[in-house]
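See structure below.
We did not get these values from a lab; they are worked out from the coordinates using the rules stated. Quantities reported herein were computed from a predicted structural model and do not represent experimental measurements. Here the Cβ positions follow ideal geometry from the backbone for every residue, glycine too, while neighbour counts run over all protein chains shown.
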Amino acid sequence: MPMRNQTGKLRFPASVAGLILIAFLLDAGIMWLSDSIMAGTASWIPTVGTVGQTILLYSSAATLFAFVIVPVMAFWLGKKYGQEAE
């Protein structure tokens with residue numbers, strides 16, 4: 001089997017694993033960021049109204065990424081992988 005076919009087979013699972021890893025790291029970063037905002041040490045981050053509104057905005061963005069963008073990208077990558085396998 002040529003090396004190109006083996007690399008192509010690994011590209012899809014690696015991409016999906018990367019997306020999931022980014023979602024987990026983003027969630028951990030949001031938790032760290034919310035702790036920093038509550039402690040008052042994150043004065044460099046843009047705020048939106050109150051502290052609670054700021055944390056809600058950033059956690060909503062992370063949730064949107066984890067539950068909408070990751071599945072859509074995984075579906076798109078799977079479709080592209082399936083087309084290449086034909």
Worksheet item: Of the residues in the stretch 16-41, how many are touching a helix residue (DSSP H, G or I) at 6+ places or on another chain (Cβ under 7 Å), free of Cβ contacts under 8 Å to residues at least 40 places away in the same chain and of a type in the set (A, V, I, L, M)?
Response: 4
Worksheet, complete the sentence: Residue pairs within 7 Å by beta carbon, gap of at least six or interchain, first lying in the stretch 73-85 and part of a helix (DSSP H, G or I), second surrounded by 11 or more Cβ atoms within 10 Å (Cβ to Cβ) and of a type in the set (Gly, Ala, Ser), listed first then second, are 77/15; 84/8
Discussion item. Filter the stretch 49-86 down to the residues that are farther than 30 Å from residue 9 by Cβ, surrounded by fewer than 13 Cβ atoms within 10 Å (Cβ to Cβ) and over 20 Å from the mean Cα position of the chain (by Cα) and list them by number.
Written reply: 49, 50, 52, 53
